[in-house]
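Colleague: Next up is a structure, given as structure tokens.
The values are calculated or read from the model by the stated rules, or taken from the named source; none is laboratory data. As the structure is a computational prediction, the values presented were derived from the model and not from experiment. Every residue, glycine among them, receives a Cβ derived from its backbone with ideal geometry; neighbour counts consider all protein chains shown. Heads up: the accessible areas ignore ligands, DNA and RNA and are worked out on the full protein's heavy atoms, side chains in. Shrake-Rupley method; radii C 1.70, N 1.55, O 1.52, S 1.80 Å.
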Amino acid sequence: MNVTNQGNQITLIVSHNSDFKDWTSCICNYDVKIKMSHPLPDNYHLKVYYAGRDMKCDEVDFVYNDPISIVQNKKTSVIFNSAKSLPIY
């Protein structure tokens, strides 16, 4: 996972670190939890990308690209585009 925060934009790059050839053929749901150190309560633009083990991703291949609001002492949840999956390369 790679997290960057510039101004009011948060960008996450989600990747895997295992070898898919060892996995059986399956569709898996994931619950990804991310903690950021003391983000200020504000409105942000969140972009989330899936990447392969090499951490490379295409700028237009996002799974989430919308505004979010971070409120003090409240969890913020989003739902990624379920039509996309982590690349296996």
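Colleague: Here are the criteria: (1) within 17 Å of MET1 (Cβ to Cβ); (2) of a type in the set (A, V, I, L, M); (3) open to solvent by 50 Å² or more (accessible area, probe 1.4 Å); (4) modelled with pLDDT of 85 or more. Tell me which single one MET36 does not satisfy.
Modeller: If we test MET36 against (1) within 17 Å of MET1 (Cβ to Cβ); (2) of a type in the set (A, V, I, L, M); (3) open to solvent by 50 Å² or more (accessible area, probe 1.4 Å); (4) modelled with pLDDT of 85 or more, just (4) comes out false.
Colleague: Filter region 49-66 down to the residues that are farther than 14 Å from ALA83 by Cβ, hydrophobic (A, V, I, L, M, F, W, C) and surrounded by 15 or more Cβ atoms within 10 Å (Cβ to Cβ), then identify the one that is modelled with the lowest pLDDT.
Modeller: It comes out as CYS57.
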